[in-house]
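Engineer: Attaching a single structure in C-alpha cells format; questions to follow.
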Amino acid sequence: MAVSALGSYAGMTMPVFRSLLRDQLQLQETQYGLLLSIGMVPGAMGTLLGGLLTRSSGWQRLPPVLAIAVAAAYGLIAATRGFPWLLVSLVLCAIGSHVMTVMTQNGVVALFPDARRRLLTLQMVVGSCAAALFTLLAEWLLGWSARGDATRFHLALRLPYLGIAMLYLALIPALRAFARRERTSQLQAQTPAASTPNLTQRRRALLCILAMTIHASADNVLMLWLPRLWEESAMSGFFKPGYIMSAYSLCYVVSRSCLALLPESRGRRLFLCVPGFFGCAMLLVALLNGGEAGVLCYLAAAFLWACEFPAFMAVLSTNSQRWFGLGLAVVMISSGLITTGASTAIGWALQQQLATLRQLLLIGPLFFATVGICGIALCRHDDKA
C-alpha cells in the first residue's frame with residue numbers, strides 16, 4: 001500500500017504549484033490545463049494493463065520490476081526541463097504507478113476475501129494519508145520557492161521527484177522478498193479460474209462502473225482547478241490552497257478509516273446512496289458561497305462522498321475477483337478521458353473568457369447527485385434479483 005501511495009506524488013502536487021508553475025514554465029491556460037490532467041488517460045491505460053496482468057499467473061513477481069520503472073519515470077521528471085518532455089515524463093509515471101495500484105488492490109482482495117470493503121478502504125486511506133503529506137510539502141515548497149528566483153523554483157519542483165525515485169529503488173528488496181513468500185504462492189494456487197460474469201453480474205458491474213466513473217471524474221476536476229479558484233479569492237493562513245488540499249485528504253482519511261472499522265455488511269445500501277446527495281448539496285453551497293465558509297462546506301462534502309467510492313468498489317469486486325482489475329481499468333480509462341477533456345476545456349473556456357471558473361465548476365454537484373441515483377438503482381436491482 002505504501003509503495004503504491006508513493007506514486008501519486010506527481011499528480012497530487014502539480015495543482016498546488018498553480019500560477020507559479022504556469023508562469024515559471026511560461027504556459028498558456030490551455031497548456032496548463034493539459035499539464036494538470038495529462039496523467040489521467042495514460043494512468044487509465046496503466047490500470048487496464050494492470051488488470052490484464054493480474055489475471056495471469058505469477059503476477060506477484062512484477063512489483064519489483066514496476067518499482068524500477070516508476071523510479072526511472074520520477075528520475076526523468078527530475079531531470080527534464082522543457083514542457084514536452086515534462087509531459088512525457090508524467091505519462092510514463094502515470095502508467096507505472098497505476099499498474100502498481102491495481103496490483104495492490106488485487107493483492108489485498110486475494111489476501112482477505114472476507115473483508116474486501118474494509119481492506120480496499122484501508123488501501124485508499126493509506127493513499128489519502130500520503131496525499132495529505134504530499135500537498136503540505138508542496139505548499140511549503142511553493143512558499144520557499146516564491147521567495148527566490150527560477151532556480152529555486154525548479155529545485156522545489158524537481159528534488160522531491162528525485163527523492164521518490166531513490167525511495168522506490170530502496171524498496172525493491174522488500175518487494176522481491178514479498179514476492180517469494182510461500183503464502184503468496186499458495187493463494188495464487190487457490191485463485192479460481194476466470195469466468196465470464198452472468199447477466200445479473202454484468203448489470204451490477206455496469207452500474208458500479210458508471211457510478212465510480214462519474215465520482216472519479218468530478219473529484220479529479222475539482223482537485224485540479226479548485227486551488228486556482230481559492231488563489232483568486234486571496235485567502236491566507238490555514239486557507240492557503242495547499243493546506244486546504246491537505247485537509248481535504250485528511251477528510252478522506254477520517255471518513256474512510258471509519259468505514260474500514262465497520263463490519264463488512266454494515267451500512268452497505270447507505271454508503272451507496274446517501275453520500276452522493278448530501279455531498280452534492282454541500283458542494284453546491286461551497287461553490288455558491290465562496291470564501292472561508294465555502295471551503296469548510298467543501299471539506300464537509302469531501303467527508304461525505306469519500307465513503308461512496310470504496311463502497312461501489314467492494315460491490316464490483318464481489319462479481320469476480322479475476323475481472324475486478326479490468327473493471328477498475330474501465331473506470332480509470334473513462335474518468336481519465338473525461339477529466340482530461342474537461343480540464344483542457346476549462347482552460348480553453350477561461351482563455352476565451354466564456355465564463356468564470358466558479359461557474360464552470362458548478363457541474364460538479366450534479367455529478368455527485370448522479371452517483372447517488374446510481375446507488376439507488378443498484379439497490380433496487382439487487383432487490384429484484
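The values are calculated or read from the model by the stated rules, or taken from the named source; none is laboratory data. Just so it is clear, the model here is predicted, and its values are computed rather than measured. Glycine also receives a Cβ, built like all others from the backbone with ideal geometry; neighbour counts cover every protein chain displayed. Each accessible area value is taken on the protein alone, full model and side chains, heavy atoms only, with ligands, DNA and RNA left out. Shrake-Rupley method; radii C 1.70, N 1.55, O 1.52, S 1.80 Å.
Engineer: Among Gln201, Met1, Gly294, flag the residue with its Cα farthest along the positive direction of the charge dipole of the chain, charges on Cβ as +1 for Lys/Arg and -1 for Asp/Glu.
Structural biologist: Value computed over the given set: Gln201.
Engineer: If I model a spin label at Ile68 and Cys379 as a point 7 Å from the Cα along the Cα→Cβ vector, what separation in nanometres do I get?
Structural biologist: Output for this residue pair reads 5.0 nm.
Engineer: Rounded to the nearest 20 debye, what is the charge dipole size of the chain about its Cα centre when +1 sits on each Lys and Arg Cβ and -1 on each Asp and Glu Cβ?
Structural biologist: For this selection, approximately 960 debye.
Engineer: Just the number: Rg to Rh for segment 8-142, Cα atoms, Kirkwood Rh, two decimals.
Structural biologist: Rg/Rh for segment 8-142 comes to 1.01.
Engineer: Near Gly291, within a Cβ-to-Cβ distance under 12 Å, what is the net charge of the other residues, with Lys and Arg +1 and Asp and Glu -1?
Structural biologist: It works out to a net charge of -1.
Engineer: Based on the Kirkwood radius over alpha-carbon pairs, what value in µm²/s does the Stokes-Einstein equation return for the translational diffusion coefficient of segment 44-117 at 37 °C and 0.692 mPa s?
Structural biologist: 249
Engineer: Turning to a different aspect of this structure: Can you give the alpha-carbon Rg of segment 261-381 over 2.2 N^0.38 Å, where N counts its residues?
Structural biologist: Compactness ratio reported: 1.22.
Engineer: Still on this structure, please answer the following. Mean Kyte-Doolittle hydropathy of 0.0 or higher plus an axial Cα length of 20 Å or more: which whole DSSP H helices in the chain meet both?
Structural biologist: On the way: long enough: 9-24 (21 Å, -0.04); 40-54 (21 Å, 1.36); 63-79 (24 Å, 1.92); 83-111 (42 Å, 1.55); 116-146 (45 Å, 0.93); 150-179 (43 Å, 1.20); 199-232 (50 Å, 0.38); 241-261 (30 Å, 1.01); 268-289 (32 Å, 1.60); 291-305 (21 Å, 1.44); 321-351 (45 Å, 0.94); 363-384 (32 Å, 0.79).
Correct list, ordered by number: 40-54, 63-79, 83-111, 116-146, 150-179, 199-232, 241-261, 268-289, 291-305, 321-351, 363-384.
Engineer: Right, something else. Quick one: check the C-alpha center-to-center distance for segment 36-110 versus segment 257-314, whole angstrom.
Structural biologist: 28
Engineer: Please give the FRET efficiency for Phe83 paired with Leu299, using the beta carbon to beta carbon distance and R0 = 41 Å, rounded to the nearest 0.05.
Structural biologist: Working: r = 33 Å, r/R0 = 0.80.
Efficiency computed from Cβ-Cβ geometry: 0.80.
Engineer: Could you rank Glu308, Glu264 by how accessible they are, 1.4 Å probe, largest area first?
Structural biologist: If we order Glu308, Glu264 from most to least accessible, we get Glu264, Glu308.
Engineer: If exposed trypsin sites (Lys or Arg not before Pro) are those in a DSSP loop with at most 13 other Cβ within 10 Å, what is the longest stretch of the chain that has none?
Structural biologist: The longest such stretch corresponds to 267-385.
Engineer: What does the net charge come to around Val65 if you take all other residues with beta carbon closer than 15 Å to its beta carbon, with K and R at +1 and D and E at -1?
Structural biologist: +3
Engineer: Under 25 °C and 0.890 mPa s, how fast does segment 269-310 diffuse according to Stokes-Einstein, given a Kirkwood radius computed over C-alpha pairs? Answer in µm²/s, whole number.
Structural biologist: Value of D from the Cα-based Kirkwood radius: 243 µm²/s.
Engineer: Okay, next question. If you put +1 on each Lys and Arg Cβ and -1 on each Asp and Glu Cβ, how big is the dipole of segment 281-385 around its Cα centre, in Debye rounded to 20?
Structural biologist: 180
Engineer: Per the Kirkwood definition applied to all pairs of different Cα atoms, how many angstroms is the hydrodynamic radius of segment 198-285? Please report the intermediate quantities before stating the final value.
Structural biologist: Values: mean 1/r = 0.0643 Å⁻¹.
In segment 198-285 this quantity evaluates to 15.6 Å.
Engineer: Based on the alpha-carbon set only, what is the convex hull volume of the chain divided per residue, in Å³?
Structural biologist: Values: hull volume 47.5 nm³, N = 385.
Dividing the Cα hull volume of the chain by its residues yields 123 Å³.
Engineer: Okay, next question. Going by Cα centres, segment 328-385 and segment 123-145 are how many Å apart?
Structural biologist: About 25 Å separates the Cα centre of segment 328-385 from the one of segment 123-145.
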